[in-house]
1. Go through (1) buried (at least 16 other Cβ atoms within 10 Å of the Cβ); (2) within 17 Å of the chain's Cα centre (by Cα) and name the single condition A19 misses.
2. If the requirement is being exposed (fewer than 15 other Cβ atoms within 10 Å of the Cβ) and in contact with a Ser or Thr (Cβ under 6 Å, 6 or more places away or on another chain), which of these qualifies: E51, E70?
3. Let me spell it out: the conditions are (1) at pLDDT 90 or above; (2) small (G, A, S); (3) under 18 Å from T4 (Cα atoms), and A126 meets all of them except one. Which number is the exception?
4. Considering only the range 1-32, state which residues are of a type in the set (V, I, T) and over 28 Å from F112 (Cβ atoms).
5. Name every residue in the range 20-49 that is more than 18 Å from S7 (Cα to Cα) and in a helix (DSSP H, G or I), in order of residue number.
6. Those residues that are out of contact with any Leu (no Cβ under 8 Å at 6 or more places or on another chain) and small (G, A, S), I need them from the range 35-59; list them, please.
7. If we scan the range 50-63, do we find a residue that is assigned to a helix (DSSP H, G or I) and hydrophobic (A, V, I, L, M, F, W, C)?
Amino acid sequence: MIITSKSDYGLRAALYLAAQGSRVRLREISSTQHIPESVCAHIMRKLVAAEIVNSVAGPAGGYTLAREPESISVASVLTAADRDICIFRCVEDGCDCDLDGKCAFQMILKDFGRSFAEHLEQLSLADLHNKKVALPEFTVGAAPVSVGQGKAS
């Protein structure tokens, strides 16, 4: 899966802000979420630029969510923190595989990746924070694929 460490860190930081509900200092986010402070600062700048997080400078400064957690999608946080969501490397533009465009499995992966990305777009920070996350049923071609309990049906 190509959901990078930076994407993971961005999501953890945003979820932490959602849980706190008040202004939080960078050092606290970094230490509680086990994110190196310099990396955390870089990611927080990206989240501020994407208008997911607000920043206040100074001794009483820190970070807060820019909007209510219900209105911030998981996909927007992952994308802002690092890059567009791509679940499988072989379906990205510029795939260097000799079978690019000729592989039947590549189309299945592309459909699954698209469905998963759409699910992340519908999932909000509030859903994750409140643990109201239902595993989706993805449609690959004409056959539904259930995700959960470590098996597909």
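1. Result: A19 passes all but (1).
2. On the way: E51 fails: in contact with a Ser or Thr (Cβ under 6 Å, 6 or more places away or on another chain).
E70 is the lone residue from the list that is exposed (fewer than 15 other Cβ atoms within 10 Å of the Cβ) and in contact with a Ser or Thr (Cβ under 6 Å, 6 or more places away or on another chain).
3. (3)
4. So the first thing to find is which residues in the range 1-32 are of a type in the set (V, I, T), and the list is 2-4, 24, 29, 32.
Listed by number, the residues that qualify are V24, I29, T32.
5. Our first condition is that a residue be more than 18 Å from S7 (Cα to Cα); within the range 20-49, this holds for 20-25, 27-28.
Q20, R27, E28 - these are the residues of the range 20-49 that are more than 18 Å from S7 (Cα to Cα) and in a helix (DSSP H, G or I).
6. First, pick out the residues of the range 35-59 that are out of contact with any Leu (no Cβ under 8 Å at 6 or more places or on another chain): 35-36, 38-39, 42-43, 45-51, 55-59.
S38, A49, A50, S55, A57, G58 - these are the residues of the range 35-59 that are out of contact with any Leu (no Cβ under 8 Å at 6 or more places or on another chain) and small (G, A, S).
7. Within the range 50-63, the subset assigned to a helix (DSSP H, G or I) is none.
No, the range 50-63 contains no residue that is assigned to a helix (DSSP H, G or I) and hydrophobic (A, V, I, L, M, F, W, C).
The values are calculated or read from the model by the stated rules, or taken from the named source; none is laboratory data. Everything quoted here is computed from the prediction, not taken from an experiment. Please note: Cβ atoms are built from the backbone with ideal geometry, for glycine as well, and neighbour counts cover all protein chains shown.
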